[in-house]
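To start, the structure under review is shown below, and the notes come after it.
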Amino acid sequence: MNAVLEAADRAVRAALVGIVSIMVAVVFAQVVARYGFNRSFGWADEIGRLAFVWSIFLGMAVAVRARGHIAIGLVLHAMPGVVRPALGAAIALACAALSAVVAWEGAIIALDQWDEQMMSLDLSAGWFLVPVVIGGALSAVFFVSQAVARTPR
């Protein structure tokens, strides 16, 4: 199971490199076109926003897997050593449940908005919600794996 989670993490990291590269290139080209040539691309702002949303929610899953997300461990670290693993697992499961709810609700909203089009692209506005679903689902799986491992932060 750990090999599957590791492969998913590597795939998301590789996707993030591509997404962030696209975002930087498009935003850079838009700035050069706008300020250098007094022209702009109609689609550049939307592509930049879409890439930004994808990078945030996929990056969230990567941070969960690497345990690089923000956590408040004051209560957890104040607990005796015997209680700490069980409490850490319970917290991880609560975070998994919340991430699963985010993914589920994101999927419902994406399906509801799928027939709406973006302003400047011939794409569904639901593509803004797809990374919420993927990031939430991956985060839920990664939190469950941490709970099963019972290694608190």
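Does Ser99 satisfy the criteria of being part of a helix (DSSP H, G or I), touching a Gly at 6+ places or on another chain (Cβ under 7 Å), over 18 Å from Ala15 (Cβ atoms) and at pLDDT 85 or above? Yes. Screening Gly68, Gly81, Gly88 for residues that are in a loop (DSSP other than H, G, I, E, B) and more than 14 Å from the chain's Cα centre (by Cα) leaves exactly one candidate, Gly81. Quick one: is Ala8 touching a helix residue (DSSP H, G or I) at 6+ places or on another chain (Cβ under 8 Å), within 23 Å of Val144 (Cα to Cα) and surrounded by 14 or more Cβ atoms within 10 Å (Cβ to Cβ)? For Ala8, the condition - touching a helix residue (DSSP H, G or I) at 6+ places or on another chain (Cβ under 8 Å), within 23 Å of Val144 (Cα to Cα) and surrounded by 14 or more Cβ atoms within 10 Å (Cβ to Cβ) - is met. Any residue in segment 101-110 that is touching a strand residue (DSSP E or B) at 6+ places or on another chain (Cβ under 9 Å) and under 18 Å from Ser139 (Cβ atoms)? Yes, the conditions are met somewhere in segment 101-110. Summed over segment 18-75, the residues that are at positive phi and touching a Leu at 6+ places or on another chain (Cβ under 8 Å) give a count of 0.
The values are calculated or read from the model by the stated rules, or taken from the named source; none is laboratory data. Predicted, not measured: the structure shown is a model, and the values here were computed from it. With ideal geometry, Cβ positions are generated from the backbone for all residues, glycine too; neighbour counts draw on all protein chains shown.
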